[in-house]
Amino acid sequence: MANKKYKSDICDYIDWRGDLSFETSPFCEIDALVFCQLSYINFSGLAPESFSSSIKLSELSKLFFASSDFESRSDMGMLIDSKSIELLKKAGESHRFADVAVTGFVSRYDSRKEEQFSALTFVLRDTSVLNHGKIFVAFRGTDDTIVGWKEDFNLAFLEQVPAQQDALAYLQNAVSEFKKHDIIVGGHSKGGNLAIYSAAFLDEKSKKNLETVYNFDGPGFSQESLDSDAFFSVKTKIVSVYPQLSIVGMLFHHYEPCKIVLSDEKLVMQHNPFSWFVKGTEFETKEEFDSGSELFFKSFNSWFERIQPGQREQFVETLFGLLGSTNAVTNTDLSRDALKNTGKIIKAFTQLDSEIRDEAVKLAGDFVKTIVSESKLL
């Protein structure tokens, strides 16, 4: 692993590259991650919802820091790095990002539909060509809400989740609004999954302007989906980036090749993009995943593919039903009184129908056995 002492992250990238315009230094994969990480910030009431109006990132940043509810807006929860707020400030004050236009901010949370969805569009103008430039459509990944995580788990048994439907509709609208622009789509975590899905199902005419699809450690798809014409039509435009020990990104299947980036965090915390090593306009990479990442990929997918869709659904419903017994809305809520909430979950588990309880225990036990079995083969 690279020496932690010399590690640079996406904030350092802005310090180093922020004085250069996109004409001087072309758009790169680090810029893509900056936009994707900014999509986690609560811009409700500050960024325009309609594509017919926009605000410069520098102005949006000023509004955010001057907002009367700045403290609550800045609370990213336990799962999203609060350094995202520093990233916004640096980007807003930089020459590179200050004049980027922000438009089309959408944020939806629906516990009934089990949906968590948010997106926004960044417009990069090309001053040398009239009415031309690039748009970067950024889909927010899974946030701190339990509903957001439930929707991720629903991917295990649903062909399409609400966020994927909304992502496709959003991207189609953005493309229709910016007809002469090159299209870049991206997202971190679930946002990467939404980016690939929406790009795959764009109409064929719109796909002609599709430049790149960035997937930053997002969960994948069934192999059947990847083998379909829709997904195959965008295969060569997908850039997937994973930390050296990826967990979220190892769920289901992906196209190869991919980039494996160095991280200074441990285990699942490598999912945090601020832990990824940046060198110049690229990530610092290694040739292979850590063995733990390979073990999880083989174990999870081997176990998952043996389970019938009905069993998958029942397992997910049981798991989140137990979490729901705590009345927590976010993961932060769960952690605030972990001991008390653990007691509620255990009590709810003992009160489950015996058949459902036994099935859940069996499936969980099978997963552990699969991990042990696969580890012996590595």
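The values are calculated or read from the model by the stated rules, or taken from the named source; none is laboratory data. Note that the structure is a prediction, hence the values are computed from the model and not measured. Every residue, glycine as well, gets a Cβ built from its backbone with ideal geometry; the counts of neighbours run over all protein chains shown. Calculation scope for accessible area: heavy atoms of the full protein, side chains included, ligands and nucleic acids excluded. Shrake-Rupley method; radii C 1.70, N 1.55, O 1.52, S 1.80 Å.
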Check your understanding: If you average over every viewing direction, what projected area does the convex hull of the Cα atoms of the range 137-176 give, in nm²?
Key -> 3.0 nm²
Review point. So how tilted is helix 338-350 from the main axis of the chain? Cα-based, degrees 0 to 90, rounded to 10.
Key: 50 degrees
Check your understanding: Which whole-Hz ³J(HN,Hα) couplings does the range 234-242 yield from phi under the Karplus relation 6.51 cos²θ - 1.76 cosθ + 1.60, θ = phi - 60°, glycine and proline marked x?
Key -> 10, 3, 6, 9, 8, 10, 9, 10, 10
Review point. To the nearest 0.05, what FRET efficiency results for Lys208 and Ala98 with a Förster distance of 22 Å applied to their C-beta separation?
Key: 0.10
Review point. Given H placed on each backbone N at 1.01 Å, which residues far from Ser8 in sequence or on other chains put an amide H within less than 5 Å of it?
Key: Val278
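Sort 140-152, 199-211 by the packing proxy (mean of other Cβ within 10 Å over each peptide's residues), most packed first. Don't jump to the answer; show the numbers that get you there.
Details: 140-152: 22.7, 199-211: 16.1.
Ranking the peptides 140-152, 199-211 by packing returns 140-152, 199-211.
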Exercise for review: Starting from the coordinates of the alpha-carbon atoms of the range 219-345, obtain the Kirkwood hydrodynamic radius over all distinct pairs and give the value in Å to one decimal.
Suggested key: 17.2 Å
Review point. For Lys279, which lysines qualify as cross-link partners when the Cα separation must be under 17 Å and same-chain residues fewer than eight apart are set aside?
Key: Lys4, Lys5, Lys7, Lys259
Study note, to complete from the structure: Among the Cα-Cα pairs of the range 241-295, the proportion with separation greater than 13 Å, in percent, is 55 percent
Exercise for review: Would you pull out the residues with amide H under 5 Å of Thr330's amide H, same chain only if 5 or more places away, H placed 1.01 Å from N?
Suggested key: Ile146
Review point. Which pairs break 30 Å Cα to Cα here: Lys113/Lys286; Lys90/Lys190; Lys208/Lys298; Lys89/Lys150?
Key: Lys113/Lys286; Lys208/Lys298; Lys89/Lys150
Check your understanding: Tell me, what is the FRET efficiency for Lys266 and Ala230 to the nearest 0.05, using R0 = 30 angstrom and their Cβ-Cβ distance as r?
Key -> 0.20
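Averaged per residue, what accessible surface does the chain expose to a 1.4 Å probe, in Å²? Intermediate values should be presented prior to the final figure.
On the way: 17880 Å² over 378 residues.
Each residue of the chain exposes 47 Å² on average to a 1.4 Å probe.
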Revision key, fill the gap. Helix-only [θ] at 222 nm, the chain, -39500 (n - 2.57) per DSSP H run of 4+, per residue, nearest 500, equals -13000 deg cm²/dmol
Point to revise | In Hz, Karplus ³J(HN,Hα) per residue of the range 191-201 (6.51, -1.76, 1.60; θ = phi - 60°; x = Gly, Pro) | key: x, x, 4, 5, 5, 5, 4, 5, 5, 4, 9
Study note, to complete from the structure: Computed ³J(HN,Hα) along the range 25-42: with the Karplus parameters 6.51/-1.76/1.60, θ = phi - 60°, integer Hz and x for glycine or proline, the list is 10, x, 3, 9, 5, 6, 4, 4, 5, 4, 4, 5, 6, 5, 5, 6, 7, 7
Review point. Looking at the range 191-265, what % of its DSSP beta bridges pair antiparallel, to the nearest 5?
Key: 10 percent
Exercise for review: Could you list which residues have their amide H under 5 Å from that of Gly141, counting only those 5 or more apart in sequence or on another chain, with H placed in the peptide plane?
Suggested key: His188, Gly191
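Report, as a whole number in µm² per second, the diffusion coefficient that Stokes-Einstein gives for the range 2-137 at 10 °C and 1.306 mPa s using the Kirkwood radius over alpha carbon pairs. Numbers along the way, then the final one.
Numbers: Rh = 15.9 Å.
My calculation gives 100 µm²/s for D.
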Review point. In the chain, what percent of the accessible surface is made up of carbon and sulfur (1.4 Å probe, ligands and nucleic acids excluded)?
Key: 53 percent
Study note, to complete from the structure: For the chain, longest principal axis from Cα atoms; helix 57-66 axis from its Cα atoms; angle between them, nearest 10 degrees, is 60 degrees
Exercise for review: At 0.36 nm per residue, minus the direct Cα-Cα distance, what do Glu256 and Val329 gain on full extension? Give it in nm, one decimal, please.
Suggested key: 22.7 nm
Check your understanding: Hey, in the GNM for the chain with a 10 angstrom Cα cutoff, which one of Gly192, Gly92, Gly365 fluctuates hardest?
Key -> Gly365
Exercise for review: Write down the percent of antiparallel bridges among all DSSP beta bridges whose residues are both part of the chain, to the nearest 5.
Suggested key: 55 percent
Revision key, fill the gap. Scattering profile of the chain from the Debye formula, Cα beads only, expressed as log10 I(q)/I(0) at q = 0.06 Å⁻¹, is -0.23
